[in-house]
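Asker: Before we start, here is the structure in question, set down as structure tokens.
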Amino acid sequence: FGQDATLAGFDWGSYLEKSGLLAAPVSCFRHVPLCAQWDDIYVGLKVEVLNTHTALPSYKALLRYEGFEDDDSHDLWCNLGTADVHPIGWCAVNSKLLVPPQEVHQHIKDWKSYLMKRLVGAHTLPVDFHVKMADSLRCPFRQGVRVEVVDRSQVSRTRSAVVDTVIGGRLRLLYEDGGLGPSGEVLSDFWCHVQSPLLHPVGWSGRVGHSIKETDTSVNMSSHPAFRKVPQNSVSDQFKKLRTVYMGDKFFEEGMKLEAIDPLNLGNICVASVRKVLLDGYIMVGIDGVEIGDGSDWFCYHASSHAILPVGYCENNDIPLTLPPGYDHGTFTWTKYLEETGTVAAPRRLFNTDDVGHGFTSGMKLEAVDLMEPRLVCVATVRRCVGRLLLLHFDGWEPEFDQWVDCQSPEIYPVGWCEITGYQLQPPIGPEPPQGQEHKHTSKKAKPF
Ligand code: MLZ
């Protein structure tokens with residue numbers, strides 16, 4: 001499964017126009033190329049573009065050739081991040097001829113003086129635009145770097161893995177004892193962004209007290225290119241710094257109750273418990289009522305994670321709370337539940353619910369990782385914004401696939417990101433969205449994985 005959006009005939013420009021929805025602005029995504037430069041990009045900016053409806057502040061912009069004035073018949077969708085779009089003056093500096101499209105010649109006789117009039121005082125792309133783009137795509141990881149990352153076959157532990165591929169800051173990781181198939185194919189891999197909270201330097205698990213799968217050294221991976229050289233251990237400065245939390249004596253404690261995003265069902269926020277307190281602000285969380293009992297389904301969250309929430313958060317924000325089996329919404333109250341279970345709620349101030357003032361609003365389009373199948377970057381829509389959480393919907397997929405993510409998640413990208421980085425984009429399945437309204441789910445129910 002998994003198909004390339006371009007090959008499938010998907011085009012963001014016409015998709016947005018048909019849906020009548022906006023793309024989320026690049027400036028909403030702090031981890032992506034040119035985020036800091038995006039204040040300089042706005043409707044009316046002039047650029048030079050290869051001569052081959054509304055402009056949107058994503059990477060994709062609708063351009064009109066100079067000379068067409070109010071005539072939109074030759075407008076074209078371009079990705080501002082790709083090398084074919086240049087600041088005004090680029091042609092002159094590079095001794096290229098700046099010529100108008102054929103049709104313009106017919107009604108503008110003196111092109112030179114027309115251009116002069118139009119361009120004097122106009123704004124254009126910053127001169128270092130493409131340099132900045134290239135800079136921000138540089139990545140501290142290469143093939144052969146060893147990391148510790150969540151074990152997708154048992155989420156409570158990490159596992160040693162080696163970087164195979166890097167695309168746009170997203171890593172394809174091969175578990176070191178994942179094995180190779182008969183024709184050398186990788187049997188077990190994992191994808192995440194370099195800033196993912198699931199990714200850690202070598203030695204992290206031991207240091208914080210997280211369980212790690214012992215590498216089965218009898219598995220031979222040496223015929224795979226990522227294992228040709230001796231893996232090079234990653235170190236903490238290659239990773240994103242998390243906010244420091246003071247654990248002191250008033251920190252999370254084993255048994256405290258909270259609400260947590262279910263790591264295996266990211267559309268659900270559940271009744272949960274702190275199961276273990278690790279070091280450096282990390283805790284292991286279990287979902288009440290569905291735990292297997294051996295701890296293999298606990299999940300590690302940092303105290304600053306958006307995915308753990310204080311008791312009452314769902315109710316206060318009108319989000320349906322997923323209850324333990326046997327409880328129903330008519331009768332469940334936290335007060336009763338705490339009493340019944342003889343437990344306490346984790347203190348509200350331990351949670352990172354700071355409002356960060358992101359610019360997302362519901363209905364905005366973006367490119368988002370399906371975290372249950374993290375190789376896939378898909379066409380998605382912001383369905384709800386609650387504090388720093390966004391509920392994402394994957395266009396064309398059933399609402400069961402919806403996922404809660406943090407507004408600063410490194411796994412969400414502006415429209416056009418895949419095109420810039422060369423990452424494959426998963427187009428929406430099913431028919432195109434109907435005009436001017438949100439996409440109806442017409443696809444038949446799809447199963448996860
Ligand atoms: N395993 C799934 C892939 C689903 C991907 C959905 N992404 C929004 C399938 O059955 O195809």
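Where a number appears in this text, it was derived from the coordinates with a stated rule and is not lab data. Just so we're clear, the structure is a prediction, and the values are computed from it rather than from any experiment. Don't worry about glycine lacking a Cβ; one is built from the backbone with ideal geometry, like all the others, and counts go over all protein chains shown.
Asker: When a/c reaches 1.5 or more, the comparison of a/b and b/c decides; with that in mind, is the range 301-413 rounded, prolate or oblate per its Cα gyration tensor?
Answerer: In terms of gyration-tensor shape, prolate.
Asker: Could you work out the mean projected area of the convex hull around the alpha carbons of the range 14-154, in square nanometres to one decimal?
Answerer: Hull-based average projected area comes out at 12.8 nm².
Asker: Over the range 264-332, what is the relative contact order in whole percent, taking alpha-carbon pairs under 8 Å and six or more residues apart?
Answerer: 32
Asker: Output the pairs from Lys46/Lys365; Lys46/Lys109; Lys257/Lys336; Lys46/Lys96; Lys46/Lys117 with a Cα-Cα distance over 19 Å in this structure; if there are none, say none.
Answerer: Those over the limit are Lys46/Lys365; Lys46/Lys109.
Asker: Tell me which of Pro33, Gln424, Ser153 sits at the most positive position along the dipole axis of the chain, charges placed on C-beta atoms (Lys, Arg +1; Asp, Glu -1).
Answerer: It is Pro33, whose Cα lies furthest towards the positive end.
Asker: Let me ask something else. Quick check for me: using +1 on Lys/Arg Cβ and -1 on Asp/Glu Cβ, what's the dipole size of the chain about its Cα centre, in debye to the nearest 20?
Answerer: Value, rounded to 20: 980 debye.
Asker: How large is log10 of I(q)/I(0) for the range 140-225 at q = 0.10, 0.14, 0.23 Å⁻¹ when the intensity is taken from the Debye formula with one equal scatterer per alpha-carbon?
Answerer: For the requested q values the scattering log ratios are -0.22, -0.44, -1.17.
Asker: Along the charge dipole of the chain, pointing to its positive end and built from +1/-1 on Cβ of Lys, Arg, Asp and Glu, which listed residue (Gln408, Gly326, Val274) has its Cα farthest out?
Answerer: So the residue we want is Gln408.
Asker: In addition: Can you give me the convex hull volume of the Cα atoms of the chain, divided per residue and expressed in Å³? Don't skip to the answer; put the middle values down first.
Answerer: Numbers: hull volume 81.3 nm³, N = 449.
Value for the chain: 181 Å³ per residue.
Asker: Further question on the same structure: Indicate the gyration tensor shape class of the range 326-368 (rounded, prolate or oblate), computed on the Cα atoms with a ≥ b ≥ c the square roots of the eigenvalues: a/c under 1.5 is rounded; otherwise a/b larger than b/c is prolate and the rest oblate. It would help to have the intermediate numbers written out before the result.
Answerer: Details: a/c = 3.96, a/b = 1.86, b/c = 2.12.
Verdict is oblate for the range 326-368.
Asker: In the chain, if the dipole is taken from +1 on Lys/Arg beta carbons and -1 on Asp/Glu beta carbons about the Cα centre, which of Met247, Gly387, Pro310 is farthest to the positive end?
Answerer: Result: Met247.
Asker: Now for a separate question. With charges only on Cβ, +1 for K and R and -1 for D and E, what is the dipole size of the range 138-251 about its Cα centre, in debye, rounded to 20?
Answerer: The calculation lands at about 520 debye.
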